[in-house]
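The values are calculated or read from the model by the stated rules, or taken from the named source; none is laboratory data. Computed from a predicted structure; not experimentally measured. Backbone-built Cβ (ideal geometry, glycine too); neighbour counts: all protein chains shown. The accessibility values were calculated without ligands, DNA or RNA, using every heavy atom of the protein model including side chains. Shrake-Rupley method; radii C 1.70, N 1.55, O 1.52, S 1.80 Å.
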Amino acid sequence: MFIDELTWEETRDLMKAGWRTAIVPTGGTEKNGYHMTLGKHNVIVTHSANLMAHKLTKTLVAPTIQYVPEGNPDRAGPGVISHPSPAYDQLLDAAARSLKAHGFREIIFIGDSGGNQGGMRAVAKVLNEEWKGQDVKVFALTDYYEQGRVDYRAWLLKTYKYDDTIVGSHAGISDTSQLLHVAPSHVRKDQIMPWGGPRDSGVSGDPTKATAEIGRMGIDFKINAAIRQMETLKK
């Protein structure tokens, strides 16, 4: 499913066979507590895009964009790389234009981090207006992050009685569980501490309650929310 694992000829032949949908995943390189690697979002969204491509069928996955808005680059911590707008938007724009030039007809943006969503919306709006009347459309599936997050948290509250304080907003139960499911080697299990440990950890919530099964469910909620949004936008 991954374009960067195919030759140009293999990609061409798949497109001739009707593979005309491409997903552009956006991740991030940011601080994720003492217990998770900086590339958490990249690993999770790449995995999610692959699953989503299989569900949609005849869909390929473009290389994951790892350089996304992470705040002021001059104030970022060790290893954090921020690529704020307008540069981020321009990167999305260039990726979509490349895919269109190749012959893709549905170009999908999904983003695993909150800061990615605005640029996705803006670029999709501009390109869809520019390409109006052509047989190509850009989908900014922000429900992958936004509605998926709502559904995930509702399930955590109902199933485990974990409210927003316990779940947290960053590097807590949600994120840690997803990474445990997708790539447990990216989690330093001996560094998982209640509420993230020291104040400078950047953790919100209690990651000690994270499990791989909770993570699997979280990814399902995000993918399903994105696909529902795409079905709505295509009507």
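Roughly how many Å is it from the Cα centre of region 164-225 to that of region 18-44, as a whole number?
A separation of 15 Å, based on Cα centres.
When only the heavy atoms of the protein chains count and the probe is 1.4 Å, how do R188, R105 rank by accessible area, highest first?
R188, R105
Working with all protein chains in place, sort K234, K125, K100 by solvent-accessible area computed with a 1.4 Å probe, largest first.
The ordering from most to least exposed comes out as K125, K234, K100.
Would you mind working out the magnitude of the charge dipole of region 1-86 relative to its Cα centre, with +1 at each Lys and Arg C-beta and -1 at each Asp and Glu C-beta, to the nearest 20 Debye?
Value, rounded to 20: 280 debye.
Using a Gaussian network model on the chain with a 10 Å cutoff between Cα atoms, which of V123, V136, V182 fluctuates the most?
Among V123, V136, V182, the largest GNM mean-square fluctuation belongs to V136.
Taking amide H positions as placed 1.01 Å from N in the peptide plane, with prolines and chain starts having none, which residues 5 or more places from I23, or on another chain, fall under 5 Å of its amide H?
Amide H neighbours of I23: L60, V61, A62, I108.
I'd like to know which of G218, H35, S98 lies farthest towards the positive end of the charge dipole of the chain, counting +1 on Cβ of Lys and Arg and -1 on Cβ of Asp and Glu.
The residue sitting most towards the positive pole is G218.
To the nearest 0.05, how large is the calculated FRET efficiency for R216 and E10 if R₀ is 30 Å and r is the Cβ-Cβ distance?
Once rounded, the FRET efficiency stands at 0.50.
Can you work out the FRET efficiency for the pair L51 and A154, with r the C-beta to C-beta distance and R0 = 22 Å, to the nearest 0.05?
Given R0 = 22 Å and the Cβ-Cβ separation, E is 0.55.
Under the 0.36 nm per residue contour assumption, what length would be gained going from the current alpha-carbon distance of T165 and E129 to full extension?
The span from T165 to E129 would gain 8.9 nm if fully extended.
So, with +1 on the Cβ of K and R and -1 on the Cβ of D and E, and no other charges, what is the size of the charge dipole of region 126-188 about its Cα centre, to the nearest 20 debye?
The dipole magnitude comes to about 320 debye.
Test of understanding: in a Gaussian network model of the chain with alpha carbons linked when under 10 Å, which of S185, S204, S113 would top the mean-square fluctuation ranking?
Residue with maximal mean-square fluctuation among S185, S204, S113: S185.
Count neighbours as other Cβ atoms within 10 Å of each site's Cβ, and list the trypsin sites (Lys or Arg not before Pro) in region 35-76 that are DSSP loop with at most 13 such neighbours.
For trypsin sites (Lys or Arg not before Pro) across region 35-76 that sit outside H, G, I, E and B with at most 13 neighbouring Cβ atoms in 10 Å, the list reads K58.
Using a probe radius of 1.4 Å on heavy atoms only, what accessible surface per residue do you get for region 1-122? Whole Å² is fine.
44 Å²
Separation between the R97 and Y67 pseudo-spin-labels, each 7 Å from Cα along Cα→Cβ, expressed in nm?
1.6 nm
With +1 on the Cβ of every Lys and Arg and -1 on the Cβ of every Asp and Glu, and nothing else charged, how large is the dipole of region 90-135 about its Cα centre, in debye rounded to the nearest 20?
60 debye
Could you identify which residue out of N128, N224, N50 has the top mean-square fluctuation in a GNM of the chain using Cα springs shorter than 10 Å?
So, out of N128, N224, N50, the one fluctuating most is N128.
Each residue of region 157-172 in order: what ³J(HN,Hα) in whole Hz does its phi give by Karplus 6.51 cos²θ - 1.76 cosθ + 1.60, θ = phi - 60°, with x for Gly and Pro?
With coefficients 6.51, -1.76 and 1.60, one gets 5, 5, 7, 10, 6, 8, 7, 4, 5, 6, 5, x, 10, 7, 6, x Hz.
From the phi of every residue in region 183-198, what ³J(HN,Hα) in whole Hz does the Karplus formula 6.51 cos²θ - 1.76 cosθ + 1.60 yield, where θ is phi - 60° and glycine or proline is x?
8, x, 5, 8, 10, 8, 4, 6, 10, 6, 10, x, 6, x, x, x
With a 1.4 Å probe and every protein chain kept in, tell me what percent of the accessible surface of region 50-178 is carbon plus sulfur. Please list the in-between numbers first.
Numbers: 3210 of 6090 Å².
Within region 50-178, the accessible surface is 53 percent carbon and sulfur.
In sequence order, what are the phi-derived ³J(HN,Hα) couplings for region 49-57 according to the Karplus relation 6.51 cos²θ - 1.76 cosθ + 1.60 with θ = phi - 60°, rounded to whole Hz, with x for glycine and proline?
Using θ = phi - 60°, the values come out as 4, 5, 4, 5, 4, 5, 5, 6, 6 Hz.
Give me, ordered by chain and number, the residues 5 or more places off G172 or on other chains with an amide H under 5 Å from its own placed amide H.
It is S204, by chain and number.
Can you list residues from other chains, or at least 5 along the same chain, whose modelled amide H is less than 5 Å from the amide H of I65?
Under 5 Å from the amide H of I65: T26, G27.
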